[in-house]
1. Within segment 558-609, can you find the residues that are within 13 Å of the ligand (Cβ to nearest atom) and part of a helix (DSSP H, G or I)?
2. So is residue 565 modelled with pLDDT under 95 and crowded, with 18+ Cβ neighbours inside 10 Å or not?
3. Can you tell me which residues in segment 94-141 are over 18 Å from residue 53 (Cβ atoms), assigned to a helix (DSSP H, G or I), touching a helix residue (DSSP H, G or I) at 6+ places or on another chain (Cβ under 7 Å) and at pLDDT below 90?
4. Exactly one condition in (1) at pLDDT 85 or above; (2) closer than 27 Å to residue 227 by Cα; (3) touching a helix residue (DSSP H, G or I) at 6+ places or on another chain (Cβ under 9 Å) is false for residue 87; which is it?
5. Condition test on residue 614, is it of a type in the set (Asp, Glu), crowded, with 17+ Cβ neighbours inside 10 Å, away from the ligand (no atom under 16 Å from the Cβ) and in contact (Cβ under 8 Å) with a residue 12 or more places away in the chain?
6. Could you tell me which numbered condition residue 551 fails, if it satisfies all but one of (1) loosely packed, with under 15 Cβ neighbours inside 10 Å; (2) outside any helix (DSSP H, G or I); (3) within 16 Å of the ligand (Cβ to nearest atom); (4) not hydrophobic (A, V, I, L, M, F, W, C)?
7. Within segment 455-468, track down each residue that is surrounded by fewer than 20 Cβ atoms within 10 Å (Cβ to Cβ) and either assigned to a loop (DSSP other than H, G, I, E, B) or acidic (Asp, Glu) (or both).
8. Quick one: which helices (runs of 4 or more DSSP H) lie wholly within segment 621-681 and hold at least 1 residues that are surrounded by 19 or more Cβ atoms within 10 Å (Cβ to Cβ) and within 12 Å of the ligand (Cβ to nearest atom)?
Amino acid sequence: MKIVVRIVQFLFAAVFIFSGLAKCVDPAGTSIKVTEYLQYFGFGMLTDLSMGIAWLLCIVEFICGVNILLGHARHLTLVVSTLLLLLFTPLTLWLALTDAISECGCFGDAVHLTNWQTFGKNLILIVMLALLWTKSELMYRLMGRTFYVFYSYCALGLAVWLCWMGSWREPFIDFRPFTPGTNLKEAVMGEGQEQTTDSDSEWVCIYQRNGVRQEFSLDSLPDEAEGWEFVETIERHADGKVSDDRSKAEPKHIDFFVKTADGEVITDELLSRPGYTLLLLSHSLDKASQHDIDRIELLSEYAGDNDYGFLCLTARDEKQLERWKFNTGAEYPFVFTDASIIETMCRSNPAVMLLRDGVICWKTPLSRLDAEGLTSGKLNEQTSGDIEEINYHNRILLVLFLLFAPFFLFLLVEIVQFLHKQTLINNSKKMRKKIVAGNWKMNTTLQEGIALAEGLKEALAGKKVNCDVVVCTPFISVASVVKAVEGSVIGVGAEDCSAHEKGAYTGEVAANMIASTGAKYVILGHSERRQYHGENNELLVAKLQQALANGLTPIFCVGEVKEERVNGTYKEVIEGQMEALYTLSAEDFAKCVVAYEPVWAIGTGLTATSEQAEEVHAFIRASIAKKYDAAVADNTSILYGGSCKGSNAPELFAQPDIDGGLIGGAALKVDTFMPIIEAWK
Ligand code: PEP
């Protein structure tokens, strides 16, 4: 399951990162889509916000992808991703059913999907998201918190920078067909063809409204204000078929046509014009910025002086045209095409494009045009009339570099830090004794105890054992078990001892009696003794002193009950129990072993997770270091106890602060005890 969740996590992240970035490089394109949606749904008054919405959408999508990749801020990221999918999936279904908007634009212009494909993609993403929701704890955390914060700032910086570049210039990476160097004449008409209206074939435009597509001849195009949306141009033959030559020209074919005010198609004439032609482009004259209007004057003068063609290519709208002429005093010629074609040619409004023999040399927002350079004859790349060289491959590589370089750098630093920490941990762990101790409790008769001890001795014989093995038995078995395991690696201990040295304490067993059997260990402060015999710190201090005075190693148990875990007081409880040990000198403390046994995990089958156990073990070690010093803490063996089995022992023992286990149920059979011992490889 873990592996499935992680594959899904990375795939989901890849889709969100890619679609976020594809839109970040061209926020103006995204804003055009947002405007289309707003207008369609009757929110036309909000179209001024469309660029802001576009920024927000693509940056949020990208950052969600980054968070999912790194496995951080999971809850918030899953909530935001769910909201995005809940908004867009019904929308894409509706688009697929009605074809109201020809393309949803989810990957910008980088990848074109049909509305049904987008809907299918979203359904797959929803299934993936559902899995991530239900199994979010299995998602992989690729980086620690500090590096995650650093990296998310880098990623946010990249997204904002790309949006910034694409908002005030042309897209940083341009996936549209009108890039510098494109031979428009070939791409529009196919080699050796003409886009005319007087042959046996006819160029027609496909428009759609309310999901219905309709063909229009170039001289009777519909009014976009009436809801018609341009889709593409095709060449229709007299027999009704679409030209084979045109389809052969795919994928180079570009939707483009130019008409005069009289409706005459002059695409061929324009693109076949020898020499330079400057096109002033505006998809909407009403919305064109008038800040740099004097540059247009300079441009048109320059064009006249140097025999350049100069035309303003705009969408046909008589009222807008009149207003523009009135406001700017424009006397240059106007030609017309569809607004969406102009938006595809150049994102800014107005923009300037230079053609040489039908080939695009460069295009630029009017505000960024070096008009003075052009008119004063001081030529630079833009004004020299050469084809501008924009290497989009290098730009893609740059974006990938900016995306992945900090990622791998932080990951590398984190791996180095982790390995360094691991070496330190291993070194300090090496210094400590590793112990697996069985606690038989009140489960074995004398004969059963001897048989169990002999069986264990046999199982261990000739084996390389990488930890100390101890069995703590009921009092009546201690002496016999010591005998039974003679000559083996097994150490023996009792499960308790008296707080008194000797005397009239009927039923009690003194530490020196235990030591007299040859036993070396004694469990003190086990939760069952605390619970059923009311053992407290005062009594346990006395027992500790007896044990140490008689050369026994105390295995001192601490641990919280369930309520204390739930109400979060477990650390204080454990610290309080440790106080009994802290009455000892550092020298005596160093002779003790600590066992952390969460009471809710003892004999219940509920094991603390390795993270929960490690947290408390590290806490205990830090507390010892505070009480004594780091060297004492580093040398103290801290065992884990509570439903420890062969299956979970390896993971528990791999934790930096867990030095072995105190085992109850699983210590009663050789077959279940041995795998725990063998967990120390
Ligand atoms: C114990 O009693 O010390 C103990 C850890 O028991 P179990 O392993 O059965 O949970």
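The values are calculated or read from the model by the stated rules, or taken from the named source; none is laboratory data. Values in this document were obtained by computation on a predicted structure and should not be read as measured data. In this analysis, Cβ positions are derived from the backbone assuming ideal geometry, glycine residues included, and neighbour counts consider all displayed protein chains.
1. Matches in segment 558-609: 599, 600, 601.
2. Against the criterion (modelled with pLDDT under 95 and crowded, with 18+ Cβ neighbours inside 10 Å), residue 565 qualifies.
3. 96, 115, 136, 138
4. Just one mismatch for residue 87, condition (3).
5. Working: of a type in the set (Asp, Glu): yes; crowded, with 17+ Cβ neighbours inside 10 Å: yes; away from the ligand (no atom under 16 Å from the Cβ): yes; in contact (Cβ under 8 Å) with a residue 12 or more places away in the chain: yes.
Answer is yes for this residue.
6. The one condition residue 551 does not meet is (3).
7. 458, 461, 462, 463, 464, 465, 466
8. Correct list: 649-653, 670-678.
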